[in-house]
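Here's the structure, in structure tokens; my notes come after.
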Amino acid sequence: MIHTERLTLRHIRESDWTSIQQIWESVNASPWAQYDRPHNTDSADACNRIAKWAEVSKGTDHRFFAVCLCECVIGYIAFNRRQDGYEIGYCFHLDYHGKGYAKESLSALMEYMKSIGTAKLTAGTAIHNTPSVKLLSSLGFVRTKVEKVSFYKDECGNDIVFDGGIYEKIL
């Protein structure tokens, strides 16, 4: 468990599934949803997925952390091992956007990952997802490439494509 000035960061628990389901419902309704994989908010699916996250977090290839304000799970951060480090992902309930919680929690977890020997982090986000790009930049991530990405199709079945940035940070 890691404590910051305002937050507690801990491994995801199976019982977190309803909080994460609410986070996904919130994010699915946001303008940024078009730049991310769709989050399935079906209760059985959410429960099973979070149980799996809790189980794999016991190892070192995948680490899922709940970001808690008091006892409320307001977001989560994932670290998935890649050849040369970890790829990070994060998601926060819309009610907690713009308050510095993502930066505070990511900063603390980046320090933790560095302390256990992680040398490099990567992250992907849409170039037009300005809040995410600003967050990564403020944490010292640098965009290293741009790739075409699609998670959705239009009414004719054609891919809706956008530019996704790949960002890296050497710890």
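The values are calculated or read from the model by the stated rules, or taken from the named source; none is laboratory data. All figures in this text were calculated on a predicted structure; none of them were measured in a lab. Cβ coordinates were reconstructed from backbone atoms using ideal geometry, including for glycine residues, and neighbour counts include every protein chain displayed. When the accessible area is computed, the model is the full protein with side chains, heavy atoms only, and any ligands, DNA or RNA have been set aside. Shrake-Rupley method; radii C 1.70, N 1.55, O 1.52, S 1.80 Å.
Regarding region 146-155, can at least one residue be identified that is of a type in the set (F, W, Y), more than 23 Å from S57 (Cβ to Cβ) and in contact with a helix residue (DSSP H, G or I) (Cβ under 6 Å, 6 or more places away or on another chain)? Within region 146-155 (the criterion being of a type in the set (F, W, Y), more than 23 Å from S57 (Cβ to Cβ) and in contact with a helix residue (DSSP H, G or I) (Cβ under 6 Å, 6 or more places away or on another chain)), the answer is no, since none of the residues qualifies. Residue count for region 1-44, restricted to those that are charged (D, E, K, R) and part of a helix (DSSP H, G or I): 3. I need the full set of residues from region 10-46 which are at pLDDT 95 or above, open to solvent by less than 50 Å² (accessible area, probe 1.4 Å) and of a type in the set (A, V, I, L, M, F, W, C), in order please. If the condition is that a residue be at pLDDT 95 or above, open to solvent by less than 50 Å² (accessible area, probe 1.4 Å) and of a type in the set (A, V, I, L, M, F, W, C), then I12, I20, I23, W24, A46 are the ones that fit.
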